[in-house]
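> Here it is, the structure in full.
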Amino acid sequence: MLELLGVRHRYDGRVVLDIARFVVAPGSGVAIVGPNGSGKSTLLRLLALLERPGEGEVRLDGVVVAGAKAPRAGASPRRRITLVEQRPVLLRGTVRENLEFGLRVRGIRRAEVTRKVEDVATRLAIAALLPRRRHELSDGEVQRVAVARALAVEPDVLLLDEPASSADRAAAQTLYRALAEERARRPLAVCLASHQLEDAYRWADDVRALAEGKLSPVTPENLFRVELPAGASGGDLKHVCVGPIEIAATTDKTGPAILAVPPTDIFVSREPLTSSARNVFLGRVTRLTHQRPGAVHVTADVGVELVAVVTEEAARDLGLTPGGPVVFSFKASAVRVF
Amino acid sequence: MDFLGEGLRRAVALLVSGDGEVYGIALLTLRIGLIATVLACGLGIPVGFVLATRPFWGRRAALTVVNTALAFPTVVVGLLLYGVLSRRGPLGGLEWLYTWQAIVVGDVLLAFPIAAALAAAAVQGVDPRIRRTAETLGAGRWRTAWTVAREARFALAAVITTAFGHVVAEIGSAMTVGGNIRGQTRTLTTAVALYTSQGDFGLALALGVILLLLALLVNVALQALQGRGHA
């Protein structure tokens, strides 16, 4: 089990990551979702033991392998965790030499190295690229080679930073299929950072949201970076500007913050409801997706894009269709501020 | 202009005839240059790696010291080394003053900061993802350093060439601690200075041409070692 405990990490004095606990369990599939600059890449580099946290520690199977007071992690724990960066680079040499690199540093016999390289190249459909050099590859091909290179060393934990950002749809499917096959073949934990919620939900067991270096206490949809006004308009009730709309929230905080509306706390209807909900927004359905069995994610444009989760039965009864009218209602107390 | 033409003709004649003294001086210069370059780069390049890649207390100050040492006047280094190697100096017992070994020590002192500072710059110029990639694939410290060095090979070759060029062209320290003794510590630069002051322009020019050829030879050899430059 790979675990981050009490980590507070700074760049140039600015806190970029502040996480009490983050766990990647053996064989699990975890997705970290968040906007650019939310700390996803830093989190992955700490998990990969490529950086030492300024405060806190990283544990592997209960043993501290990196920490503010621990020495820099050696090659031994690092050989169990492999990171594929968002914009990976290939080392000097051919694609084959790149795939061989991690196996050779582990002292694996030549025949075994060749067998493993050809096996992983076939699985990721890059066998034709083996004799090529890095300047002969597209960005998407480099990304696939980098994933293959990481899979070749058979790590316990594979960390992927936006692994399909340069890939076309077909290449992304090949990549996710290869990951699924690998996980079916052996106990491989995968932790993936992405800004695409759909991809994250499609294959991850656990989706976590990261915003401003902090893990969100709620699911990753409907997160907004806001400026909370200083004066309350009535108790702790505040009207916060989110794009062209105003969201009512109960909070005593002021200044910059992240505002989250849990999708399960949004009432979906065709007409405005008479209720205590302070937030009622009329809009149109832009997307209906089935990301979990029995549940439908309803995405609507109400001035900003909001996502609500309803049961399949409710979606059917309401007759929700893309382009159709919809009303989203939620209480001010349902809005989370952190 | 006549004396220039005459000097060049003399130079060619000396080179073609295989003059013993000229080639003796050239060989000594080459030997001193190679030994000093190997020692300075052997020490300086790893120091440059550490300065570029390892965060430690005082790293910035160390980089400043190394960069300042680049501008150290050669004659001052020679003077300090003279004091150290002279009979009353702390290393007088070695009896290296006015030997080729003393010239090597002076050259190493001069070329070491060049190797360290330029190697640090070369390594800092390598994409940091290369190092992270090697590490995340399980490479240890040495294998990671080797991987980074392969990426910086052109810049590191330039470090070696610059160090060698500095060593063979240096005169202040070689004159002070070597003494320009005929057949023992006379190098190409000290000989050029001597023969020019004696008015033997042809001989001085011949030695200058050899100096240029030596630099060219080392550059060609290093380029050949770098291979064809595949990415």
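> Between A:SER165 and A:VAL23, what's the calculated FRET efficiency when r is the beta-carbon distance and R0 is 22 Å? Round to 0.05.
In this case the efficiency is close to 0.30.
> Work out which helices of chain A, taken as complete DSSP H runs, extend at least 15 Å along their axis over the Cα atoms and score a mean Kyte-Doolittle of 0.0 or more, then list them.
The answer, listed by residue number, is A:139-152.
> Can you list, bin by bin at 10 Å, the percent of alpha carbon pairs in the protein assembly as shown, starting at 0?
3, 14, 18, 17, 14, 12, 9, 6, 4, 2, 0, 0
> Separate question: What does the extension gain come out to for B:ARG60 and B:VAL75, with contour length at 0.36 nm per residue minus their alpha carbon separation?
Full-extension gain reported as 2.7 nm.
> Rounded, prolate or oblate: which fits the stretch A:2-215 when a ≥ b ≥ c are the square roots of the eigenvalues of the alpha-carbon gyration tensor, with rounded for a/c under 1.5 and prolate only if a/b beats b/c?
Because a/c hits 1.5 or more and a/b exceeds b/c, the stretch A:2-215 counts as prolate.
> If you keep only loop residues by DSSP, which chymotrypsin sites (Phe, Trp or Tyr not before Pro) in the stretch B:12-66 have at most 16 other Cβ atoms within 10 Å of their Cβ?
B:PHE56, B:TRP57
> Between rounded, prolate and oblate, where does the stretch A:15-90 land on the alpha carbon gyration tensor, with a ≥ b ≥ c its root eigenvalues, rounded for a/c under 1.5, else prolate if a/b exceeds b/c?
rounded
> If you don't mind, there's one more thing I want to ask. Please report the relative contact order for chain A, taking Cα pairs under 8 Å with a sequence separation of at least 6, and give it as a percent rounded to a whole number.
17
> Could you list the trypsin sites (Lys or Arg not before Pro) in the stretch B:54-155 that lie in coil according to DSSP, counting only those with at most 12 other Cβ atoms within 10 Å of their Cβ?
Answer in residue order: B:ARG87, B:ARG88.
> To continue, here is another question. Suppose each label sits 7 Å from its Cα in the direction of the beta carbon; what would the A:LEU273-B:SER86 distance come out to in nanometres?
Roughly 9.8 nm, to one decimal.
> Further question on the same structure: Give the angle, between 0 and 90 degrees and rounded to the nearest 10, that separates the Cα long axis of helix B:59-69 from the longest principal axis of the Cα atoms of chain B.
Roughly 10 degrees between the two axes.
> Suppose R0 equals 30 Å; then what is the FRET efficiency for A:SER333 and A:GLN196 from their Cβ-Cβ distance, rounded to the nearest 0.05?
For R0 = 30 Å, the calculated efficiency reads 0.50.
> Starting from the Cα of A:LYS116, draw a straight line to each of the aspartates and glutamates and keep only those under 12 Å, dropping any in the same chain fewer than 8 residues away.
Within the straight-line limit of under 12 Å, A:LYS116 reaches these aspartates and glutamates: A:GLU100, A:GLU154.
> So if I place +1 on the C-beta of Lys and Arg and -1 on the C-beta of Asp and Glu, and nothing else carries charge, what would the dipole magnitude of the stretch A:148-196 be about its Cα centre? I want it in debye, nearest 20.
160
> Would you be so kind as to identify which of A:GLY243, B:PHE56, A:ALA171 lies farthest towards the positive end of the dipole of the protein assembly as shown, taking Lys and Arg as +1 and Asp and Glu as -1 on Cβ and the Cα centre as origin?
B:PHE56
> Still on this model: If you take the square roots of the eigenvalues of the alpha-carbon gyration tensor of chain B and sort them as a ≥ b ≥ c, do you get rounded (a/c under 1.5), prolate (a/b over b/c) or oblate?
oblate
> Give me the Debye-computed log₁₀ of I(q)/I(0) at q = 0.13, 0.17 Å⁻¹ for the stretch A:223-337, equal point scatterers on Cα only, no solvent, two decimals.
-0.49, -0.80
> Something else about it: Applying 1/(1 + (r/R0)^6) with R0 = 45 Å to the Cβ-Cβ distance of B:ARG150 and B:THR196, what FRET efficiency is obtained, to the nearest 0.05?
So, using R0 = 45 Å, E works out to roughly 0.55.
> Taking the Cα centroid of the stretch A:282-338 and of the stretch B:50-80, what is the distance between the two, rounded to the nearest whole Å?
64
Throughout, read-outs are computed from the coordinates displayed, never taken from laboratory work. All values derive from a computational prediction rather than experimental measurement. Neighbour counts run over all protein chains shown; Cβ positions are idealised from the backbone, glycine included.
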